[in-house]
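Data first, discussion second: the structure below is written as structure tokens.
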Amino acid sequence: MGEKTRLNKYLAALGIASRREIDRLAEAGGITVNGLKATPGILVGSDDAILVKDVAVDHGPHRKVYYMLNKPPFVISSAADLRGRTIVTDLAPKEERIFPVGRLDYETTGLLLLTNDGALSQKLLHPKNEIYKEYIARIPGRLTRDDIFLLEQGMVLDDGMTLPARVRVLLEDEGTSLVSVSIREGRKRQVRRMFRQLKKPLMSLKRERIGELSLGDLPEGACRPLTQEEVNYLYSL
């Protein structure tokens, strides 16, 4: 019998999904091991028959792949959805099982990385790395000096003080403003909550950049492979 590993770690390393999503699927009864419903903490190995949503897991070696997606609105940032909604992996090539690195909420568009490289995903998501991510927000009205000060100095949300953000006003036109906000945290719906605190609920939100990687001219809904230079850059962070 081969070495056993926790289910979420084992499947994430094979590129099935993120650890969190695997735990959710197991809790919902979507994973079986040797014909029995799996629990999130079960230990598994290459000699186990594992089914994810009734599809057998291939234990063989997988080619590591890396993609950049310009996520459209109303698409789920997940490798699986029990309600059958459109997910980001529906928009990517199907030759390997891949999962998103982090999330963009349902309404938010823009840059999302997809891979089956669990080690790189964990590296990019680790809080200590504090990688800046740039968002372009359209808001009603204009940002005041006090608003910009709060964003740049840090503000108190319901889950604590934010780290300082980088802020640039890009355009003010016809009662709305286009604002660039760069943050180095990964809290849930953080940018939306920051602007809601300023009483300027977002009209739209798009992630434009992760570190030095930017969408460029990639159309909304399109997906492209990362270059080797881009992959090397991500590993260097």
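Mind checking the log10 I(q)/I(0) for the chain at q = 0.10, 0.13, 0.17 Å⁻¹? Debye, one equal scatterer per Cα, no solvent, two decimals.
The computed values of log10 I(q)/I(0) come out as -0.53, -0.84, -1.24.
What accessible area per residue, rounded to a whole number of Å², is obtained for the stretch 55-173 using a probe radius of 1.4 Å? Walk me through the numbers before you get to the answer.
Numbers: 6120 Å² over 119 residues.
I get 51 Å² per residue for the stretch 55-173.
Report relative contact order for the stretch 1-76 in percent, whole number only (criteria: Cα-Cα under 8 Å, sequence separation at least 6). List each step's numbers first, then the result.
Details: 85 pairs, mean separation 21.5, N = 76.
Reported as a whole number, the value is 28 percent.
Quick one: if you stick a label point 7 Å off each Cα along the C-beta vector at L36 and L237, how many nm between them?
Going from the L36 label point to the L237 one covers 4.0 nm.
The values are calculated or read from the model by the stated rules, or taken from the named source; none is laboratory data. Just so you know, these numbers come straight off a predicted model, no measurement behind them. Cβ sites come from the backbone with ideal geometry, for glycine too, and all protein chains shown count toward neighbours. We work out accessible area using only protein heavy atoms, side chains counted, and drop any ligands, DNA or RNA first. Shrake-Rupley method; radii C 1.70, N 1.55, O 1.52, S 1.80 Å.
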